[in-house]
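Asks: Okay, handing you the structure first.
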Amino acid sequence: MISIITFLPVATVLAMLVVSRAGDRTARWTALFGSLATLGFALALLVSFDPAVKGYQPGLTETWSWVPSFGISYKVGIDGISLFLVLLAALLTPIAILCSWTSVERRVQEFHVAILLLETGMIGVFVAMDLLLFYVFWEVMLIPMYLLIGVWGSGNRIQAAVKFFLYTVAGSLLMFLAIVYLYLHVGRFVASPTFDLDTIYTTLKLHPLTATEQAWLFGAFALSFAIKVPLFPLHTWLPDAHTEAPTAGSVILAGVLLKMGTYGFIRFAIPFFPAAAQAATPWISTLAIIGIIFGALMCLVQEDMKRLVAYSSVSHLGFVMLGIFALNARGLSGGILQMVNHGISTGALFLLIGAIYERRHTRRIAEYGGIAAIAPRFAIVFFITTFSSIGLPFLNGFVGEFLILQGSFEANRAYAVLAATGIVLGAVYMLILCSRFLLGPMTNPENEHVTDLNGREMSFFVPLVILMVAIGLFSPWMTDRIELSVDSWLEHWAQVAATR
């Protein structure tokens, strides 16, 4: 089932190539059908997931020998840490296709090929249980995202695409060198060298790296993942990429790609190098807090709505990093849940900005005002998404932030107090945006003919709003599926930390 979910988008690409002469309309419908089928299999995966199993699900693990001479295998699996991230990627892909239905008018087939290949790369990252396979999927997602920004983006798209590419490649190359070093280290203690995650975990537990080795290797992994998060001060590529990317690119970038960095810390950097991770915790937590406050303050001075939401991602992902490096059950569970929450709420914000941009072709906040009076459906969705983003109780954002702050308070009270200022600032900049954008008198006559959300747009906004409310009200259903895997992760962490 996991292989089907991972490679069904590639199969859809092949089908699109077969029907390429049928025109843009056929390409759109083929891509949408393939992405919805992938989402269907992902939901079936959720149904078959056993919340009583710690760690990876035995019945949902697949292993095939790939390059046996080098110990490379195709090994994929799912646990509570990766389950909802796979679902998030599967959910946002058809939404990205739907939101581009009328806005993308050139190279339509190539656009959908990029979206679908990106989906395979994203899902592959979350399910890979072989370190080299993970790296392959990590690199696979780079080219489609580069093309989405560079080909279908706006004004300064080439500069933004190149900046995204260079930042990501720089970190990836260092991570690849660290992967090779790990491979050689593990090969000294096992019958044959391997990239298998379980073998690497076990070997590093029995034969830990020296403190110096851990420091260098953790630095290589952490740099690559911190760029992707992005962690302050490695965030500078993100506002440009978001501003210039098409709406679909911004939705996927904010919704899923940023979570690959935080996921990498949980799955690889911290358990591989526990001593270095523990030593780096005060530094990374400090950078996370700076990112929370800095991102929020930058939001207060933005005039472009897309840049505002981009800087809000820097702030929100700082919360996720703070929860992860609390290194306790509440912080980790909250961090994982908040990855999903951020993907839903921030993805919805970018969709809303894309919808209004299609109508007015400007993202400047000063150009608007009084939109709620003529587009009530749009305003209602915007308000609910805003409340979700700022963590209003009974909505999804509240649960994740509460758990993160609780875990951070257990680890270091000062961190939690400082981070809480980001929540206050978040409410300030989002409510100011709502006031300037939706409320007040309509002073610009060009806004008088703005139309409300249509049926196609409501088809993807309604499910997102339902998820915001459902997760807020029934979050234990999700945390039950996350916590056992987190407990297993913490048990492993405690064991390797004791042998450091």
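Nothing in this text is a laboratory measurement; each read-out follows from the coordinates by a stated rule. All values reported here derive from a predicted model rather than from experimental measurement. In this analysis, Cβ positions are derived from the backbone assuming ideal geometry, glycine residues included, and neighbour counts consider all displayed protein chains.
Asks: Which whole-Hz couplings ³J(HN,Hα) result when phi for each residue of the stretch 141-157 is put into the Karplus expression 6.51 cos²θ - 1.76 cosθ + 1.60, θ = phi - 60°, listed in order with x for Gly and Pro?
Replies: Per residue, the Karplus-derived 3J(HN,Hα) values read 6, 5, 5, x, 5, 4, 5, 4, 6, x, 9, 10, x, 9, x, 9, 5 Hz.
Asks: Run through the stretch 97-145 and list the GluC sites (Glu not before Pro) located in a DSSP loop whose Cβ has at most 15 other Cβ atoms within 10 Å.
Replies: Sites meeting the loop and neighbour criteria: Glu105.
Asks: Give me the percent relative contact order of the stretch 381-456, please, defined on Cα pairs under 8 angstrom at least 6 residues apart. Display every interim value, and only then the final one.
Replies: Numbers: 32 pairs, mean separation 16.2, N = 76.
Relative contact order here is 21 percent.
Asks: Which trypsin sites (Lys or Arg not before Pro) from the stretch 1-108 combine a DSSP loop assignment with at most 10 other Cβ atoms within 10 Å?
Replies: Arg106
Asks: Considering the dipole of the chain built from charges on the beta carbon (Lys and Arg +1, Asp and Glu -1) around the Cα centre, which of Ser485, Met122, Gly323 is farthest to its positive end?
Replies: Sorting the options by dipole projection puts first Met122.
Asks: DSSP loop (so not H, G, I, E, B), at most 10 other Cβ within 10 Å: list which trypsin sites (Lys or Arg not before Pro) in the stretch 134-198 pass both filters. If you can, show how the numbers build up before the last one.
Replies: Values: sites: Arg157, Lys163, Arg188; in loops: Arg188.
Passing sites in the stretch 134-198 are Arg188.
Asks: Let me ask something else. Which of rounded, prolate or oblate describes the stretch 300-444 when judged by the alpha-carbon gyration tensor and an a/c cut-off of 1.5?
Replies: On the way: a/c = 2.54, a/b = 2.31, b/c = 1.10.
Because a/c hits 1.5 or more and a/b exceeds b/c, the stretch 300-444 counts as prolate.
Asks: Let me ask something additional. What dipole magnitude, in Debye to the nearest 20, does the chain give about its Cα centre under +1 on Lys/Arg Cβ and -1 on Asp/Glu Cβ?
Replies: The calculated dipole for the chain is roughly 440 debye.
Asks: Using alpha-carbon pairs under 8 Å, 6+ residues apart, how would you state the relative contact order of the stretch 2-498 in percent? Intermediate values should be presented prior to the final figure.
Replies: Values: 824 pairs, mean separation 78.4, N = 497.
Rounded, it is 16 percent for the stretch 2-498.
Asks: Go through Ala427, Gly370, Tyr135 and say which Cα lies farthest out towards the positive end of the charge dipole of the chain; charges sit on Cβ, +1 for Lys and Arg, -1 for Asp and Glu.
Replies: Result: Gly370.
Asks: Within straight cross-link reach of Lys75, meaning Cα distance under 30 Å, which lysines are found once same-chain residues fewer than 8 apart are removed?
Replies: Straight-distance partners of Lys75: Lys54, Lys205, Lys228, Lys259.
Asks: Helix 475-498 sits at what angle to the longest principal axis of the chain, using alpha carbons and giving 0 to 90 degrees rounded to 10?
Replies: 30
Asks: Dipole of the chain (Lys/Arg Cβ +1, Asp/Glu Cβ -1, origin at the Cα centre): which of Met1, Val104, Asn341 lies farthest to the positive side?
Replies: So the residue we want is Val104.
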